[in-house]
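Contents: one structure, followed by commentary.
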Amino acid sequence: MNTRTSPPVFVTQPSLPPLEEFLPYLQAIWDSKTLTNGGPMHQQLEKALCEYLGVDHIALFCNGTIALLTALQALDIQGEVITTPYSFVATSHSLLWNRLTPVFVDVDPATFNLDPARIEAAITEHTTAILPVHCYGIPCDTTAIQAIAQRHGLKVIYDAAHAFGVEDTGGSILRHGDLSVLSFHATKVFNTFEGGAIVCHDATTKQRIDRLKNFGFIDETTVAAAGINGKMSEVNAAFGLLQLKHVDQAIEARRQCFELYRSGLADIPGIRPGIDGGIAKANHAYFPILVEPPYPLSRDELHARLRAHGIHARRYFYPLISDFPMYRDAATGQWPHAAHLSKHVLCLPIFPTLSNSVIDTIIALINGSTNATDSGKRRAGDGGAVD
Ligand code: T4K
């Protein structure tokens, strides 16, 4: 079997609507000459997203990272913030940029998310907030986190960068916590090229966030806070309006990829396909698999093997954030579950235009590698569950 795919297949590929559908939006921007600073496209997208996502208030941003920075400023978070080491580095970088101290807590290996049972033990007199991540779009245990936050008077800001459109049985998961932060980066389920947003619950907070993302301006001559420039441009907002028309179809196409992977990988010893977490509505942003014994290759060997065949799966999230140099000093704890996931999870390509035949090829490569001769032996110590 010739399993080399051509061209290469990446972990994701952005959804793009037909170009001609975007031209009228560009024409409208050219006509209005309003390019940014909360113009008509920006306002329309905020309204449309509130309706689509089922939330009351949303503030658009130029990207998810600046939205995270601003969310922490908006709530005036100080001191220590409990967060996960198993995420994209932007999560905790937002803390360092605010001169806050990240306190890493281990994850629940079944959900990839902060383990509520471990949060309480990490709370000190300096703790003011929890910054959990709905990793891969799988909801955190929001009920337990809320109970802890209430008991200790902490704010909760969800990094919901992966969680566009995800619902639990009560509705949008973006309703949980004080704020939720979305990313609309090119690699996300819903993209505006670059972009992001903060979801909040009341008009006063929305106004504060809107001012903070516009240098702190209240009016032409009054600056209320040391704000930043976090605004989304009209072109990005217009693209978002168009993307919204296609996003349900895109999520459905992802779901079909998910189902194919799930059934195709179900019986391979040592390969554990990612969960959908009993989610009422999943977005299938990522397709993580755990690669563990008795599978004969290590995660890294499987990663290399797929790559040799043009399949660019990704080791999200390796290394752990706590292993990056700027965190090592502060990060003195042990996170065995997060460390295990970081060494054993591989995210397979998943995106709306991924063909069934490529998925079949990927499954065959993973399956065939049980007899693979093109790999080295499992490295000593690289395996074994944490518990
Ligand atoms: N919080 C969490 C939990 C996050 O995951 C992220 C971002 C953030 C916060 C911050 O949100 P933003 O500030 O980014 O809005 C990517 C993304 O750049 C990043 O947005 C994302 N998380 C992270 C998980 O993945 P890389 O370094 O893996 O991206 P890159 O360029 O290697 O892209 C992956 C693949 O996607 C490429 O191999 C090819 C494909 N691709 C990528 C781009 C940019 C395309 O086909 N077209 C493209 O335009 O970080």
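Taken together, the values in this text are just the output of simple stated rules run on the coordinates, not laboratory data. Owing to the predicted nature of the structure, the values given are computational and were not obtained by experimental measurement. Positions of Cβ are backbone-derived with ideal geometry, glycine not excepted, and every protein chain shown enters the neighbour counts.
Worth pointing out:
- The stretch 19-243 shape via C-alpha gyration tensor axes, a/c threshold 1.5: prolate
- Cα gyration tensor, the chain - rounded (a/c under 1.5), prolate or oblate: oblate
- Cα gyration tensor category, rounded, prolate or oblate, for the stretch 21-139 with a/c compared to 1.5: prolate
- Share, in percent, of DSSP beta bridges within the chain that are antiparallel, nearest 5: 60 percent
- Modelled label positions at Asn367 and Ala225, each set 7 Å beyond Cα in the direction of Cβ, lie 5.4 nm from each other.
- Listed residue (Phe287, Phe324, Ala308) projecting farthest to the positive dipole end of the stretch 218-344, Cβ model: Ala308
- Val89-Gln13 FRET efficiency (beta carbon distance; Förster radius 22 Å; 0.05 resolution): 0.45
- Bridgeable lysines around Lys155 (alpha carbons under 30 Å apart, same-chain partners fewer than 8 residues away excluded): Lys47, Lys188, Lys206, Lys213, Lys231, Lys281.
- Selected from Leu131, Phe193, Asn214, residue furthest toward positive end of dipole (the stretch 19-243; charges at beta carbon): Asn214
- Cβ charges +1 (Lys, Arg) and -1 (Asp, Glu), total dipole of the stretch 19-243, debye: 360 debye
- With Cα atoms, 0 to 90° folded angle of helix 40-53 axis to the chain main axis: 50 degrees
- Here the contact order of the chain, divided by its residue count and restricted to Cα pairs under 8 Å and six or more residues apart, works out to 23 percent.
- Subtracting the Cα-Cα distance of His152 and Thr332 from their residue separation scaled by 0.36 nm leaves 62.5 nm.
- Between helix 234-265 and the chain: long-axis angle, C-alpha atoms, 0 to 90°, nearest 10: 20 degrees
- Positive contributions from Lys and Arg (+1) and negative ones from Asp and Glu (-1), summed over other residues with Cβ under 15 Å from the Cβ of Ala144, come out at -4.
- Size of electric dipole in the chain: Cβ of Lys, Arg +1 and of Asp, Glu -1, about Cα centre, debye, nearest 20: 760 debye
- Label-point gap, in nm, between Glu259 and Arg272 - each point 7 angstrom along Cα→Cβ: 2.5 nm
- 0 to 90° range, to nearest 10: angle between helix 203-212 axis and the chain longest Cα axis: 80 degrees
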